[in-house]
Amino acid sequence: MSNIVIVGGGAGGLELAVKLGRFCRKSSVKVVLIDKNRTHIWKPLLHEVAAGSLDADIDGVDYLAISQKNGFHFQLGEFRNLDRAAKTVTLAPLLDAKGDMVLDERSVSYAKLIFALGSVTNDFGTSGAGEHCIFLDSVKSAQSFHVQLLNEFLKLESNDNTQQLDIAIVGAGATGVELSAELFKTAELLNAYGYNKVSSSRLNVTLIEAGPRLLPALPDRIAQNVASELRELGVNIMLDTAVSGVEKGGLKTKQGAFIPSTMSVWAAGIKAPAFLANLDGLESNKINQLVVTDTLQCTKDDAIYAIGDCAHCVMPNGDKVPPRAQSAHQMASCLFDNIKRESKGKSPKAYRYVDYGSLVSLSSYSTIGSLMGNLTRGSVFIEGRLARIVYISLYRMHQLVIFGKLKTLLFMIANRINRRIRPNLKLH
Ligand SMILES: Cc1cc2nc3c(=O)[nH]c(=O)nc-3n(C[C@H](O)[C@H](O)[C@H](O)COP(=O)(O)OP(=O)(O)OC[C@H]3O[C@@H](n4cnc5c(N)ncnc54)[C@H](O)[C@@H]3O)c2cc1C
């Protein structure tokens with residue numbers, strides 16, 4: 001039996017596993033998904049987990065359950081190594097919380113291998129960042145940020161002074177911008193839940209950006225509108241400010257300033273996991289992404305593919321496909337179509353990235369963005385309720401692929417019910 005092995009079950013990998021699992025169900029091809037976690041959370045929701053507006057324990061998708069329903073096999077484990085000659089991947093030993101062995105090191109053989117491992121935060125080697133900053137790149141770190149945030153608000157509530165909680169966010173891309181707004185919502189909700197001394201005025205959020213404006217990857221009009229909304233909320237925006245070091249209690253800038261911070265978040269860049277650099281002779285770029293052709297095959301081995309944030313894929317105009325959920329979604333669809341084509345003896349089609357626009361959600365305060373496409377003939381600026389619906393639809397598209405129409409509808413209903421019967425904020 002030939003194996004198609006997907007390493008990483010995130011925005012791209014899980015969608016591909018579901019599609020391939022259904023397609024190969026009745027064939028001799030075995031589809032295997034490997035992930036180091038037992039549950040999946042769609043990564044663009046992590047800032048909501050951090051702020052407490054989303055509970056990862058409720059919204060997490062169980063890989064084992066979804067694999068059984070969709071005809072693929074799930075292997076819990078952390079990727080350790082690749083042997084291209086033997087066509088195997090090795091998974092690290094699985095240990096329990098006490099460090100005792102659950103499963104020994106294992107090998108999984110493949111006929112086709114797809115890396116969909118995503119990315120991690122890139123602190124560009126800034127001194128102290130790894131030690132003193134929170135990186136919002138995993139559910140675990142988002143949850144630990146949330147607990148720390150609740151503790152800091154608890155301190156504010158029990159102190160008689162009028163001290164503020166200083167939070168510094170490095171990087172004014174979508175993650176930094178969206179998190180800033182979510183924090184104000186958290187303070188507002190905690191106040192409504194009885195923390196009388198906690199309010200937006202006790203929150204001192206500083207958003208630091210090395211470039212001349214917010215949201216460098218998005219159109220200027222969106223950046224301008226987002227900046228004025230954030231300023232209205234009370235966010236201090238520092239542009240043209242590069243952070244040179246982080247220490248307990250604050251950040252130093254290259255210009256010599258010190259920004260006090262009780263909680264520091266680094267959201268300024270991404271890189272692929274370090275182990276992908278020079279992995280058994282595969283070509284990688286400076287940020288460890290695997291270099292792929294337009295059919296998403298690794299340049300040095302056409303049995304190995306990379307999709308999503310861990311892939312370096314260049315568009316015909318020479319630009320790199322951006323590390324975004326819509327890219328991972330589109331790459332998963334393209335690769336699925338190509339594997340299907342191959343099974344019918346047809347040649348693969350080239351992947352073409354289509355930018356459908358970008359939306360930024362400032363919690364429930366506002367959603368701002370632009371839509372692109374044939375219908376809009378270029379870029380159209382949108383905001384408000386329509387923008388909110390389009391923003392949510394990206395997540396709904398992901399849910400549609402992995403759950404199908406009926407279950408996605410049931411999730412939407414359950415979501416509405418949960419909003420009525422559960423607190424609007426994760427309070428623990
Ligand atoms: C806070 C935040 C907000 C964002 N907002 C947006 C947005 O609004 N719009 C947008 O388009 N994009 C957004 N993004 C970017 C988007 O989340 C990513 O581009 C997208 O998730 C990439 O998909 P992927 O499949 O490549 O990787 P991921 O979705 O990150 O999945 C990678 C998977 O690999 C697994 N994995 C990692 N290492 C190993 C290992 N060693 N062994 C086994 N498994 C492993 C992980 O557990 C994970 O399941 C946001 C990102 C963040 C962090």
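The values are calculated or read from the model by the stated rules, or taken from the named source; none is laboratory data. All figures in this text were calculated on a predicted structure; none of them were measured in a lab. Reconstructed Cβ throughout: ideal geometry from the backbone, glycine too, with neighbour counts over all protein chains shown. Accessible surface is based on the protein model in full, side chains and every heavy atom, while ligands, DNA and RNA are left aside. Shrake-Rupley method; radii C 1.70, N 1.55, O 1.52, S 1.80 Å.
General remarks:
- Filtered by the rule that a residue be open to solvent by less than 80 Å² (accessible area, probe 1.4 Å) and β-branched (Val, Ile, Thr), region 388-408 gives Val390, Ile392, Val401, Ile402, Thr408.
- Conditions (1) over 29 Å from Asp355 (Cα atoms); (2) in the same structural domain as Phe184 (by TED's automatic domain parsing); number of the one not met by Leu279: (2)
- When the residues of region 223-239 are filtered to those that are in contact with an Asp or Glu (Cβ under 8 Å, 6 or more places away or on another chain) and aliphatic (A, V, I, L, M), the one that is farthest from Leu203 (Cα to Cα) is Leu239.
- Residue list for region 81-96, filter: of a type outside the set (Val, Ile, Thr) and under 25 Å from the mean Cα position of the chain (by Cα): Asn81, Leu82, Leu91, Ala92, Leu94
- Conditions (1) at pLDDT 95 or above; (2) in contact with a Gly (Cβ under 6 Å, 6 or more places away or on another chain); (3) more than 14 Å from the ligand (Cβ to nearest atom); number of the one not met by His40: (3)
- Qualifying residue in region 373-382 (condition: within 29 Å of Ala142 (Cα to Cα) and open to solvent by 40 Å² or more (accessible area, probe 1.4 Å)): no
- Of all the criteria given as (1) surrounded by fewer than 19 Cβ atoms within 10 Å (Cβ to Cβ); (2) within 20 Å of Gly118 (Cα to Cα); (3) among the hydroxyl-bearing types (Ser, Thr, Tyr), the one not satisfied by Ser2 is (2).
- Of the residues Ser261, Ser244, the single one that is away from the ligand (no atom under 16 Å from the Cβ), surrounded by 21 or more Cβ atoms within 10 Å (Cβ to Cβ) and at pLDDT 95 or above is Ser261.
- Condition check for Val32 on (1) out of contact with any Gly (no Cβ under 8 Å at 6 or more places or on another chain); (2) of a type outside the set (S, T, N, Q); (3) within 9 Å of the ligand (Cβ to nearest atom); (4) in a strand (DSSP E or B): one failure, at (3).
- Leading residue by the ranking (farthest from the chain's Cα centre (by Cα)) among those in region 97-109 that are of a type outside the set (D, E, K, R) and not in a strand (DSSP E or B): Gly99
- Checklist (1) surrounded by fewer than 19 Cβ atoms within 10 Å (Cβ to Cβ); (2) free of Cβ contacts under 8 Å to residues at least 60 places away in the same chain; (3) on the phi < 0 side of the Ramachandran plot applied to Gly249, failing item: (3)
- Residues in region 267-300 that are open to solvent by 10 Å² or more (accessible area, probe 1.4 Å) and in contact with a helix residue (DSSP H, G or I) (Cβ under 8 Å, 6 or more places away or on another chain): Ala267, Ala268, Ile270, Pro273, Ser284, Asn288, Thr295, Lys300.
- Any hit, region 57-66, residues being without any contact (Cβ under 8 Å) to a residue 60 or more places away in the chain and among the aliphatic types (A, V, I, L, M): yes
- Complete set of residues in region 243-269 that are within 19 Å of Ser180 (Cβ to Cβ) and part of a strand (DSSP E or B): Val243, Val246, Gly250, Leu251, Thr253, Ile259, Pro260, Met263, Ser264, Val265, Trp266
- Checked across region 336-350, the condition of being among the aromatic types (Phe, Trp, Tyr) and open to solvent by 50 Å² or more (accessible area, probe 1.4 Å) holds for no residue.
- Leu82 vs. criteria within 11 Å of the ligand (Cβ to nearest atom) and in contact with an Asp or Glu (Cβ under 8 Å, 6 or more places away or on another chain): no
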